[in-house]
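Student: Below are the structure tokens for one structure; questions will follow.
The values are calculated or read from the model by the stated rules, or taken from the named source; none is laboratory data. What you see is a predicted model, and the numbers here were worked out from it, not measured in a lab. Methodologically, a virtual Cβ is constructed for each residue, glycine included, from the backbone with ideal geometry; neighbour enumeration extends over all protein chains shown.
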Amino acid sequence: MGESMSKRLKLVTGSEAEMEDRSFINPFPDWDQSLSVSSDPAEHSGGNEPLDADGKISDAFQKKVQSKITDLLQQMEEGLKTADPHDFSTYTGWTGIALLYLQLYRVTQEASHLQRALDYVKRALRNLNGRRVSFLCGDAGPLAVGAVVHHHLKNQTESQECLTKLLQLQRSVLSPDSDVPDELLYGRAGYLFALLYVNAEIGPDAVDNNTIIKVVTAVLESGKNLSKEEKKAERCPLLYEWHKKQYVGAAHGLAGIYYMLMQPSAKVSQDTLNELLRPSVDYVRHKKFRSGNYPSSLSNETDRLVHWCHGAPGVLHMLIMTHKVFRDEKYLRDAAECGEVIWQRGLLRKGYGLCHGTAGNGYALLSLYHATQDKKYLYRACKFAEWCLDYGTHGCRIPDRPYSLFEGMAGAIHYLSDVIQPEGSRFPAFEL
Ligand SMILES: [Zn+2]
């Protein structure tokens, strides 16, 4: 017993050391509720900075963020001169940069940003390779973004051309003997996102309903089949794997797939939501660690990663969507627990990006703010943005594609541009 006790102690210290290894200790004071309810404006000085006494983002902070965006954009443009000319993807390549400029156009309405988006997406469209079907890593990303950029520029012919090609990809997505997975990064859920994205951006009839239903059905069938094979039809009626592993997070796992299937525009029937999605979400909820975080796969029992791709920051989006669909407060409570984990362990040593970086974790806090309207989460999201203002000074790991949307600087700029107009913020290539 003595031995197993000391072993356990060692394990605890081991994992604590590892946690510290993965994230920085959050240096920021937490939100102070008492300051926000006080009626005496004199008491607010510096209290919940960068929010002012009305709970709005202060002008000074907005200015600081805007000037950092200008500065980082310059660095990014310079750095992209040596980026892989053939990487067309949203995740690490030219489509991701186009998506950033589309976002800057959305928030500033400056035509030059739209022109930049066009230049970059054209570069992407010249490099399609027909290998993958998803928005993040496959041809669907550049085609969908191309359709949207051309639509904004009123180039209807070019926009339609992109849409036609996007729809042609459904053949390999739907083919029963294709080896397309179901997850978001490379699979069917990532193709489904592309379809829902163009409908959200161009109009509800850009992609016909029939195609959406076919893709949704293919994802559902695949999940039901694996669940039966694994004899989990009772507990988790929709089960998915990628490379033989049943991942939980947003990028490769159940959370990302369920999140897409529950989008109102995916039009999954109420019966299917009740009978297949809800018990499956509950199955994932029961895998929650004591900390409030989630494992990276169903077979993994170490509480380690707090990333959008693996862990609470991705699962949170699924929980918030489940709360929207079923109006059961327990889902929002679990999402709030994710929020605590992210606040404590979300300033990552891996960097400032979206997939496994501070900006991606900041987006989870913004989503929690949208769902609850609690200023505490907006304050915390601003603090994560403040961290990003000191880009590159914390000694983080340098990602392989340091300027890209999902690994690097473009993702942090995207986040900064959203945080100062938080009401309309959306995690790119993920939230609709
Ligand atoms: Zn990642």
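Student: Select, from Gly79, Gly93, the only residue that is buried (at least 18 other Cβ atoms within 10 Å of the Cβ), in contact (Cβ under 8 Å) with a residue 12 or more places away in the chain and on the phi < 0 side of the Ramachandran plot.
Tutor: Gly93 is the lone residue from the list that is buried (at least 18 other Cβ atoms within 10 Å of the Cβ), in contact (Cβ under 8 Å) with a residue 12 or more places away in the chain and on the phi < 0 side of the Ramachandran plot.
Student: Checking Glu431 against (1) within 15 Å of the ligand (Cβ to nearest atom); (2) in a loop (DSSP other than H, G, I, E, B): exactly one of these is not met. Which one?
Tutor: So the condition that Glu431 fails would be (1).
Student: Can you confirm whether Pro313 is within 20 Å of the chain's Cα centre (by Cα), at pLDDT 95 or above and assigned to a loop (DSSP other than H, G, I, E, B)?
Tutor: In short, no.
Student: Those residues that are of a type outside the set (A, V, I, L, M, F, W, C) and within 11 Å of the ligand (Cβ to nearest atom), I need them from the stretch 348-360; list them, please.
Tutor: Those that are of a type outside the set (A, V, I, L, M, F, W, C) and within 11 Å of the ligand (Cβ to nearest atom): Lys350, Gly351, Gly353, His356, Gly357, Gly360.
Student: Any chance you could count how many residues in the stretch 274-286 are surrounded by 16 or more Cβ atoms within 10 Å (Cβ to Cβ) and either among the acidic types (Asp, Glu) or within 22 Å of the chain's Cα centre (by Cα) (or both)?
Tutor: Counting residues in the stretch 274-286 that are surrounded by 16 or more Cβ atoms within 10 Å (Cβ to Cβ) and either among the acidic types (Asp, Glu) or within 22 Å of the chain's Cα centre (by Cα) (or both) gives 7.
The rows are residues; the columns are (1) aliphatic (A, V, I, L, M); (2) over 30 Å from Lys375 (Cβ atoms); (3) in a loop (DSSP other than H, G, I, E, B).
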| position | (1), (2), (3) |
| --- | --- |
| Phe61 | no, no, no |
| Lys64 | no, no, no |
| Leu73 | yes, no, no |
| Gln115 | no, yes, no |
| His150 | no, yes, no |
| Thr157 | no, yes, no |
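Residue-wise test of (1) more than 16 Å from the ligand (Cβ to nearest atom); (2) closer than 18 Å to Lys224 by Cα; (3) of a type in the set (A, V, I, L, M).
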| residue | (1), (2), (3) |
| --- | --- |
| Ser265 | yes, no, no |
| Arg285 | yes, no, no |
| Lys288 | yes, no, no |
| Gly292 | yes, no, no |
| Pro295 | no, no, no |
| Asn300 | no, no, no |
| Leu305 | no, no, yes |
| Cys309 | no, no, no |
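Student: Output the number of the condition that Phe28 fails; it satisfies all remaining conditions of (1) surrounded by fewer than 17 Cβ atoms within 10 Å (Cβ to Cβ); (2) of a type in the set (A, V, I, L, M, F, W, C); (3) at pLDDT below 95; (4) within 25 Å of the chain's Cα centre (by Cα).
Tutor: Going through (1) surrounded by fewer than 17 Cβ atoms within 10 Å (Cβ to Cβ); (2) of a type in the set (A, V, I, L, M, F, W, C); (3) at pLDDT below 95; (4) within 25 Å of the chain's Cα centre (by Cα) one by one, Phe28 breaks only (3).
Student: Next question. Would you please name the residue that is farthest from the ligand (Cβ to nearest atom), looking only at residues in the stretch 332-347 that are among the charged types (D, E, K, R) and surrounded by 24 or more Cβ atoms within 10 Å (Cβ to Cβ)?
Tutor: Asp334
Student: Within 16 Å of the ligand (Cβ to nearest atom) and touching a residue at least 24 places away in the same chain (Cβ under 8 Å): which single residue out of Tyr391, Tyr363 fits that description?
Tutor: Tyr363
Student: What pairs come up if the first residue lies in the stretch 183-200 and is part of a loop (DSSP other than H, G, I, E, B), the second is of a type in the set (Phe, Trp, Tyr) and at pLDDT 95 or above, and their beta carbons are under 6 Å apart, counting only those six or more places apart or on different chains?
Tutor: Glu183/Trp242
Student: Looking at this structure, is Gly256 within 16 Å of the ligand (Cβ to nearest atom), within 15 Å of His310 (Cα to Cα) and not in a helix (DSSP H, G or I)?
Tutor: No, not satisfied.
Student: Here's another thing I want to ask about it. Do we find a residue being modelled with pLDDT of 95 or more, among the hydroxyl-bearing types (Ser, Thr, Tyr) and in contact with a strand residue (DSSP E or B) (Cβ under 7 Å, 6 or more places away or on another chain) anywhere in the stretch 386-396?
Tutor: no
Student: What pairs come out if I take residues in the stretch 341-356 that are at positive phi and pair them with residues that are more than 10 Å from the ligand (Cβ to nearest atom) and among the hydrophobic types (A, V, I, L, M, F, W, C) whose C-beta lies under 7 Å away, six or more apart or interchain?
Tutor: Pairs found: Gly351/Cys396.
Student: Here is a further query. For Leu125, state whether it is in contact with a Pro (Cβ under 8 Å, 6 or more places away or on another chain), farther than 14 Å from Leu405 by Cα and either surrounded by 17 or more Cβ atoms within 10 Å (Cβ to Cβ) or not hydroxyl-bearing (Ser, Thr, Tyr) (or both).
Tutor: yes
Student: Does the stretch 252-265 contain any residue that is over 19 Å from the mean Cα position of the chain (by Cα) and either in contact (Cβ under 8 Å) with a residue 40 or more places away in the chain or surrounded by fewer than 24 Cβ atoms within 10 Å (Cβ to Cβ) (or both)?
Tutor: Within the stretch 252-265 (the criterion being over 19 Å from the mean Cα position of the chain (by Cα) and either in contact (Cβ under 8 Å) with a residue 40 or more places away in the chain or surrounded by fewer than 24 Cβ atoms within 10 Å (Cβ to Cβ) (or both)), the answer is no, since none of the residues qualifies.
Student: Consider Pro399 carefully, then state whether it is surrounded by fewer than 23 Cβ atoms within 10 Å (Cβ to Cβ) and within 16 Å of the ligand (Cβ to nearest atom).
Tutor: Here the answer is yes, as Pro399 does meet what is asked.
Student: Now, a different point. Have a look at Tyr369, Tyr377, Tyr415 and point out the one that is closer than 27 Å to Arg333 by Cα, among the aromatic types (Phe, Trp, Tyr), within 16 Å of the ligand (Cβ to nearest atom) and not in a loop (DSSP other than H, G, I, E, B).
Tutor: One residue alone meets the criteria, Tyr415.
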